[in-house]
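J.: Supplied in structure tokens, the structure appears directly below.
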Amino acid sequence: MKIVTVIGARPQFIKASIVSFAMQNHGIDEVIIHTGQHYDPQMSDIFFKQMEIPKPKYILDVNGVGHGAMTGRMLEQIEEILLQEKPDYVLVYGDTNSTLAGVLAAKKLHMKVVHVEAGLRSFNMAMPEEINRILTDRISDYLFCPTQTAVNNLINEGYNNLDCKVELVGDVMYDCFLHFSNKQQKPSDINIANKYVLATIHRAENTDSPNNLTNIVTFLNKLAEGYQVILPLHPRTKKIIEQSHHEIKFTIIDPVGYLEMIWLLNNCEFVITDSGGLQKEAYFAKKKCITLRSETEWVELVESRWNILKNPVNHIYFETVDILMPESYNLLYGDGNSANLIFQRLLFNEK
Ligand code: UD1
Ligand code: UDP
């Protein structure tokens with residue numbers, strides 16, 4: 001069996017590490033297309049090196065342009081590659097523009113599509129990711145869901161009546177966390193206090209809204225009076241903060257590799273983020289998390305009180321993380337064998 005995988009953004013490299021490994025275990029021949037959406041060494045190369053992700057056969061270098069140009073240019077080039085490679089399946093992850101371009105190119109060529117991390121919904125159509133994931137799910141043949149909530153979302157949208165397979169397999173990010181935890185690395189070159197808070201900010205709704213960004217910076221500055229706040233900063237946010245002349249009292253560092261990120265997670269007091277992936281990793285590391293968004297796709301974290309939503313549209317009031325009273329830790333995201341399960345199910349369905 002031959003699979004072409006389309007990846008392009010940081011969280012997709014991370015997921016691909018463990019999924020590519022599972023493909024090798026199942027004797028599957030994988031060809032990777034890297035769209036180039038993320039391209040800084042700390043946003044791309046570092047993951048390929050640290051996590052031993054197979055080298056992409058194709059690197060497209062499409063980035064830094066608007067949604068239409070980005071998706072369109074990727075689509076055109078991916079189509080050409082798929083025509084040459086003639087895979088049995090095309091595999092995509094999540095909800096980025098690289099995901100949408102991959103799935104569109106494949107489906108219009110009548111190729112079978114596998115969507116890893118299917119069924120997630122924020123129910124906020126202003127998010128580019130919500131549009132990408134709805135469209136991707138709709139034209140995928142195999143929808144591998146990380147949670148029961150994701151399966152339920154698809155059932156509610158009538159997927160039981162469509163010609164596709166919906167399967168609950170758990171979250172490959174949990175596999176990653178378990179697999180790489182014993183390789184965690186303390187970041188070098190930064191002074192880290194005994195008690196620090198780990199933060200990341202990159203969502204368009206926060207970076208592109210001066211109101212939201214001001215509320216977030218004010219909040220992090222206030223928090224920095226009591227803790228060191230360490231923010232490995234996404235280039236999107238870095239560019240905007242540099243232009244905005246905000247006074248910054250927290251510790252901004254360059255984006256770090258996954259192994260450093262796991263160390264920062266395991267040793268922090270708590271997490272503040274608008275990242276989808278980091279919300280779950282906070283849970284894997286048994287840390288409380290404040291999510292700077294109005295909603296989340298990972299509702300089970302909020303329901304079990306490990307995570308609280310603070311909408312940065314408003315001034316962020318926050319006294320202490322003690323407002324979060326988590327339930328005991330459960331295996332909400334599978335048992336760490338999700339990547340293998342995907343290929344067991346795929347190969348079984350082939351028979
Ligand atoms: C993208 C995804 C988002 C995901 C995030 C993961 C879409 C619509 N959004 O958002 O779902 O959560 O990746 O991090 O696909 N940039 C650099 N260097 C890089 C990468 C990006 O300077 O290595 C700059 C780009 O030039 C651009 C900005 O950051 O100006 C935004 O990048 P883009 O890939 O468009 O979106 P993200 O915000 O990264
Ligand atoms: N991450 C990382 N280095 C960083 C920031 C994040 O390795 O400096 C990892 C993080 O641990 C998680 C993934 O990147 O595994 C999340 O990606 P991101 O927040 O960019 O995207 P999202 O998950 O929101 O789509």
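J.: Here are some residues: 346, 341. Which one is at pLDDT 95 or above and crowded, with 22+ Cβ neighbours inside 10 Å?
T.: Criteria check complete, one pass: 346.
J.: Moving on to the next point. Can you go through 30, 80, 52 and tell me which one is closer than 18 Å to residue 257 by Cα, open to solvent by 10 Å² or more (accessible area, probe 1.4 Å) and more than 16 Å from the chain's Cα centre (by Cα)?
T.: 52
J.: Within region 70-104, work out how many residues are within 15 Å of ligand 2 (Cβ to nearest atom) and among the polar types (S, T, N, Q).
T.: Total meeting the criteria: 4.
J.: Okay, next question. Any chance region 114-130 includes a residue that's touching a strand residue (DSSP E or B) at 6+ places or on another chain (Cβ under 6 Å), touching a residue at least 60 places away in the same chain (Cβ under 8 Å), under 28 Å from residue 301 (Cβ atoms) and more than 15 Å from ligand 1 (Cβ to nearest atom)?
T.: Yes, there is a match, as at least one residue in region 114-130 is touching a strand residue (DSSP E or B) at 6+ places or on another chain (Cβ under 6 Å), touching a residue at least 60 places away in the same chain (Cβ under 8 Å), under 28 Å from residue 301 (Cβ atoms) and more than 15 Å from ligand 1 (Cβ to nearest atom).
J.: Would you check if residue 107 is at pLDDT 95 or above, in a helix (DSSP H, G or I), within 16 Å of ligand 2 (Cβ to nearest atom) and surrounded by fewer than 19 Cβ atoms within 10 Å (Cβ to Cβ)?
T.: No, not satisfied.
J.: Kindly indicate whether residue 211 is more than 23 Å from the chain's Cα centre (by Cα), open to solvent by 30 Å² or more (accessible area, probe 1.4 Å), closer than 30 Å to residue 110 by Cα and more than 12 Å from ligand 2 (Cβ to nearest atom).
T.: no
J.: Scan region 144-156 and give yes if some residue there is among the polar types (S, T, N, Q), modelled with pLDDT of 95 or more and not in a helix (DSSP H, G or I), otherwise no.
T.: Yes; the residues of region 144-156 include at least one that is among the polar types (S, T, N, Q), modelled with pLDDT of 95 or more and not in a helix (DSSP H, G or I).
J.: Please work out if residue 269 is on the phi < 0 side of the Ramachandran plot, of a type in the set (D, E, K, R), at pLDDT 95 or above and within 12 Å of ligand 2 (Cβ to nearest atom).
T.: no
J.: So, in region 158-167, how many residues would count as being among the β-branched types (Val, Ile, Thr) and surrounded by fewer than 14 Cβ atoms within 10 Å (Cβ to Cβ)?
T.: 0
J.: For region 256-295, which residues satisfy the criterion of being open to solvent by less than 10 Å² (accessible area, probe 1.4 Å), outside any strand (DSSP E or B), within 16 Å of ligand 1 (Cβ to nearest atom) and farther than 30 Å from residue 52 by Cβ?
T.: Across region 256-295, the qualifying residues are 292, 293.
J.: Being open to solvent by less than 30 Å² (accessible area, probe 1.4 Å), more than 30 Å from residue 320 (Cβ to Cβ) and of a type in the set (Asp, Glu) is the filter here; which residues of region 168-205 pass it?
T.: Of everything in region 168-205, just one residue is open to solvent by less than 30 Å² (accessible area, probe 1.4 Å), more than 30 Å from residue 320 (Cβ to Cβ) and of a type in the set (Asp, Glu), namely 175.
J.: Filter region 214-246 down to residues that are open to solvent by 40 Å² or more (accessible area, probe 1.4 Å) and within 14 Å of ligand 1 (Cβ to nearest atom) and give me whichever is nearest to residue 314 (Cα to Cα).
T.: 240
J.: Okay, moving on. I'm trying to understand the selection: among the residues of region 317-335, which are modelled with pLDDT of 90 or more and surrounded by 15 or more Cβ atoms within 10 Å (Cβ to Cβ)?
T.: Answer for region 317-335, where residues must be modelled with pLDDT of 90 or more and surrounded by 15 or more Cβ atoms within 10 Å (Cβ to Cβ): 332, 333, 334.
The values are calculated or read from the model by the stated rules, or taken from the named source; none is laboratory data. This structure is a prediction, so every number in the text was calculated from the model and none was measured. As a convention, Cβ positions derive from the backbone with ideal geometry for all residues, glycine included, and neighbour counts pool all protein chains shown. Areas reflect the complete protein model, heavy atoms only, side chains present, ligands, DNA and RNA absent. Shrake-Rupley method; radii C 1.70, N 1.55, O 1.52, S 1.80 Å.
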